[in-house]
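What follows is a single structure, written as structure tokens, with notes after it.
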Amino acid sequence: MRKISWIIAFALVLVYFLAYRFGNPWIEIFELKTLDLRYNVRGTEHIDPHVVIVGIDEDSLAKMSVFKHDEWPWQRHHYGRFIGKVLAAGAKAVAFDVSFTTPDETNPKSDLYLASVLLRNKKVVLGTYMVFDRETYESYPEKMKKDLDRNTYYLNYAFKMKNFEYAATIMPISVYKIIPPIARFSSAVPSAAFEIGELDVDAVVRNLPLFIKEIWSEEKGLLSGYLPHMDLIAFALYEDVDPRNMIVDFKKRLVYVGNRTVRFDMNGIFHLWYYGDKIFPEYPFYEVTYGNVDLERLVKGKVVLLGYTTSAKGLYDLRSTPFNPNTAGVMIHATAIENFIRGDTLVRIPFYLRLLLVFLVVLTANLLSSFSKTWLNFLSLSVTVIYVFLSYYMFLNHIWVDTFYPVMAGVVLSTVNITSNFYREYAEKKKLREFFYRYVPDTVADVLVKQGEIKLGGEKKDIVVLFSDVKGFTAFSESKDPEVVVSVLNEYLTAMADVIRNRYGGTIDKFVGDAIMAVFGAPISYGDEVERALNCALDMRKELKELNEKLKARYGDNLSLDSGIGIHKGEAVVGNIGAPFRMDYTVIGDTVNTASRIESLTRKVDAEILVSDEVVRAAGDGFLFEYVGEFNVKGKSVALNLYSLRGRRERDDRTGGDHS
């Protein structure tokens, strides 16, 4: 047992090293969740904020419509009035978490007014829109690209650089082209990207990129350095520093803003220090701009940040943070600016120290738990408890010490040495997993075991059923040697099963000759069953084309498979069906029969993928459908409205007015 424990100890340290060395996300995900737990245990840190938020909220949208007869997007003169009022009331800077990348089509004079306000009030920074790939930018109209070629005022705010030879490790957001506000605005005041940046592996915002790399300006020979984030420029304006004089020192990993500094990590990332949820005062845009409020009391000496709030219906800008999964993006910008002003950040200890801590915890826990005395064995568990308290203390001092893996490793080792129940529990789980494998695919069985959801009795569930069948397979099988038929069929079913199971998490209910029945939503529902089924069908067709190329190369051009796919959504009975000596976990009901009938109609209408009206209604706007008509099918008294799935709908990246 002692030898095994040392092998486990070594393996635990090695796993930690390799996981981070090769970028495996799972350990990091759990560590991030323990970091969020520390935030929530600490609770709200009460501060006197230097940032206030003026919200584009539901109240303002309604009042602007009723009292100003202006629907979203609003005419620009409202923003000019807003800027003038808050700066006159003593605000130190104004930052826009919105972009004005296209002229005001409703009232062009509105742009002239806002431009005149900006020329008189320089303490404003505007947001920019970003195009990430060359292909999207090249698709823009030529006139628009010519205007953008001339509108390069935003490049004036690039960082001045020190110790550039140390910049090799920096991994900034790399975009092809920044789309600045129209020239009337960008020539008057600074503009910069308000991008939140790449999320952590669990899709939570905990960092902010300080550097933006623009490929277009490099190609044009206009800029070889980095552009700052909008929040940094807002901080510079607050400090009465010209944003054009900000300096980045890559050796010290500091951004100099006058006499102040902002720290970043080796990747050019600033780690946010969250104060809590709803820390920053929030005032409706309409009340600030047109209401009778004491603005001097609200905004004097503050950074005023304009952006969409959670109540603005249809203007989605929600992000997940340690305190709230639906936080308005403007709140994250407010947190960053407040961090800059207060000098707050969360500093994570270097990887070599994290690895050393794992080694020390594992070593101590293994030594204590290897003694014969029981009280010493249990004392090994206290190592992890002490470690948790120390890591929390360091967190309160803005130092992030990894907690999940050291604690987990210590507990695992202590448990292994204290009791043999660990082995019995492992054996029971193995037996349970093998039991599940008799009924459901192994991937689904793994999830069921992990979640502890043992629900294999009959029950009604809302599911999506996908039927796929090879067209003309009977004629094909009669014209080919049996060995060829079996080989081709196995290769086809393997390729389709891989798409269904491994790419989209579907459950393969059964194979019936050349036909496949797949289910999405049983035994586990994720909420996106329709989307996964539609994407699965499209990828099955793509995979079939690639398979046909391989078959033609092997057997000649006269061998080609074609398939029809039918998809239907509805309620069905799922559970164990069969006799006591043989049972299968399967799905039965009208939904299954209807999906099968729909698939058979693909031959009649010469369609690759047919879906029911229920599927189309639940699919959202991410897919392209073509109505093919009404069809009567056996077992249904009402005709079915059927649609052909044509593909995925491409997102239009060329709209102005985007936000972070």
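Of the residues ILE212, ILE196, ILE233, ILE170, the single one that is at negative phi, modelled with pLDDT of 95 or more and either out of contact with any strand residue (DSSP E or B) (no Cβ under 8 Å at 6 or more places or on another chain) or open to solvent by less than 60 Å² (accessible area, probe 1.4 Å) (or both) is ILE233. Scanning region 262-278 for residues that are touching a residue at least 60 places away in the same chain (Cβ under 8 Å) and open to solvent by 30 Å² or more (accessible area, probe 1.4 Å) returns ARG263, ASP265, MET266, ASN267, ILE269, HIS271, ASP277.
How many residues does region 139-163 hold that are touching a Gly at 6+ places or on another chain (Cβ under 9 Å), open to solvent by 60 Å² or more (accessible area, probe 1.4 Å) and within 17 Å of LYS220 (Cα to Cα)?
Taking region 139-163 first, the residues touching a Gly at 6+ places or on another chain (Cβ under 9 Å) are 158-161.
After this cut, where a residue has to be open to solvent by 60 Å² or more (accessible area, probe 1.4 Å) as well, the list is 160-161.
Right, trim to within 17 Å of LYS220 (Cα to Cα) and you get none.
Number of matching residues: 0.
Determine whether region 240-258 contains at least one residue that is of a type in the set (Ser, Thr, Tyr), in contact with a Pro (Cβ under 7 Å, 6 or more places away or on another chain) and either modelled with pLDDT under 95 or surrounded by fewer than 22 Cβ atoms within 10 Å (Cβ to Cβ) (or both). Checking region 240-258: not a single residue is of a type in the set (Ser, Thr, Tyr), in contact with a Pro (Cβ under 7 Å, 6 or more places away or on another chain) and either modelled with pLDDT under 95 or surrounded by fewer than 22 Cβ atoms within 10 Å (Cβ to Cβ) (or both).
Report whether or not VAL201 is under 30 Å from LYS251 (Cβ atoms) and in a loop (DSSP other than H, G, I, E, B). Yes; evaluated as a whole, the condition is true for this residue.
Within region 1-36, being part of a helix (DSSP H, G or I) and within 20 Å of the chain's Cα centre (by Cα) holds for TRP26, ILE27, GLU28, ILE29, PHE30, GLU31, LEU32, LYS33, THR34, LEU35, ASP36.
Cβ-Cβ contacts under 6 Å between residues 6 or more apart (or on different chains), taken from a first residue in region 91-105 that is without any contact (Cβ under 8 Å) to a residue 60 or more places away in the chain to a second residue that is assigned to a loop (DSSP other than H, G, I, E, B) and open to solvent by 10 Å² or more (accessible area, probe 1.4 Å), are listed as ASP104/GLN75; ASP104/ARG76. Candidates SER596, SER637, SER644: the one that is out of contact with any Pro (no Cβ under 9 Å at 6 or more places or on another chain), assigned to a loop (DSSP other than H, G, I, E, B) and among the small types (Gly, Ala, Ser) is SER637. Filter region 173-193 for residues that are under 22 Å from the mean Cα position of the chain (by Cα) and of a type in the set (Gly, Ala, Ser); which is most open to solvent (accessible area, probe 1.4 Å)? So, considering only residues that are under 22 Å from the mean Cα position of the chain (by Cα) and of a type in the set (Gly, Ala, Ser), the one most open to solvent (accessible area, probe 1.4 Å) is SER174.
Quick grid of which residues meet (1) touching a residue at least 40 places away in the same chain (Cβ under 8 Å); (2) over 25 Å from the mean Cα position of the chain (by Cα); (3) more than 21 Å from LEU35 (Cα to Cα):
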| residue | (1), (2), (3) |
| --- | --- |
| THR309 | yes, no, yes |
| THR321 | yes, no, no |
| ILE337 | yes, no, yes |
| ILE341 | yes, yes, yes |
| ARG348 | yes, no, no |
| PHE359 | yes, yes, no |
| THR364 | yes, yes, yes |
| LEU368 | yes, yes, yes |
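Being among the acidic types (Asp, Glu) and surrounded by 21 or more Cβ atoms within 10 Å (Cβ to Cβ) is the filter here; which residues of region 496-513 pass it? ASP509, the sole residue that qualifies.
Mind checking whether some residue in region 421-433 is over 29 Å from the mean Cα position of the chain (by Cα), at pLDDT below 75 and within 30 Å of SER487 (Cα to Cα)?
no
Checking LEU559, LEU538, LEU534 one by one, the residue that is surrounded by fewer than 18 Cβ atoms within 10 Å (Cβ to Cβ) and either closer than 27 Å to LEU640 by Cα or in contact with a Lys or Arg (Cβ under 7 Å, 6 or more places away or on another chain) (or both) is LEU559 and no other.
Taking every residue in region 67-85 that is among the aromatic types (Phe, Trp, Tyr) and pairing it with any residue that is open to solvent by 20 Å² or more (accessible area, probe 1.4 Å), at least 6 positions away or on another chain, the pairs with Cβ-Cβ distances below 7 Å are TRP72/LEU61.
The values are calculated or read from the model by the stated rules, or taken from the named source; none is laboratory data. All values derive from a computational prediction rather than experimental measurement. When we count neighbours, we look across all protein chains shown, and the Cβ atoms used for this are built from the backbone with ideal geometry, even at glycine. What goes into the accessible areas is simple: the full protein's heavy atoms, side chains included, and nothing from ligands, DNA or RNA. Shrake-Rupley method; radii C 1.70, N 1.55, O 1.52, S 1.80 Å.
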